[in-house]
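Just so you know, all these numbers are worked out from the coordinates, no wet-lab data involved. Since we're looking at a predicted model, the values are computed, not measured. Glycine gets a Cβ as well: all are built from the backbone with ideal geometry, and neighbour counts include every protein chain shown.
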Amino acid sequence: MFRGLRILAGILVSMAAVTALTSPSQAAVVSSHPWFFAQLSLANGGHAVLAGGPINWAPGDAWAKIEDVTITQGAVTATSTGATTVRNGRDVNWWLNATASGKFRPGPADAYALEIGHRANGTTYRYYWEMPVQLTRG
């Protein structure tokens, strides 16, 4: 019986360790923080979006790369090319242009992005963001 409990305890500890190593909550502030600004500006006659947002640094974060920004509104999708790098202690916001497949109109849209975070101890994490936004005329 004790051997079974030890095995069960070992499994639970192992699962907790794997979760701690891979969980974005260990690297990023709780998801109640905004990752995009609530209003994003349209550009190029509605064929592009200037995407950006605040950076929610967690203890131990050194720098991050923001990439794969996608804005969707109905059948229209805008995606970023490249990435932007931000550094803890220097940057408080990030910005990246996303070019659209069609023409956006002012109004609600959904915004997505990927952060590849780099901690001071050399470890990294991936964190996907998703948030409703309002597109406004630039």
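Residue exposure proxy: S101, S80, S41, ordered by other Cβ atoms within 10 angstrom of their Cβ from fewest to most, comes out as S101, S41, S80. Among F36, F104, the order by Cβ neighbours within 10 angstrom, fewest to most, reads F36, F104. The separation of region 46-80 from region 109-129, counted between C-alpha centres, amounts to 11 Å. Placing pseudo-labels 7 Å out from each Cα toward the beta carbon at E130 and L50 gives an inter-label distance of 2.8 nm. Of the trypsin sites (Lys or Arg not before Pro) found in region 47-130, those that fall in a DSSP loop while having at most 13 other beta-carbon atoms within 10 Å are R90, K103.
About the centre of its Cα atoms, region 26-137 shows a dipole size close to 200 debye [charges on the beta carbon of Lys, Arg (+1) and Asp, Glu (-1) only; nearest 20 debye].
Using the Cα coordinates of region 26-137, the gyration tensor eigenvalues translate into equivalent-ellipsoid semi-axes of 26, 13, 11 Å, sorted from longest to shortest.
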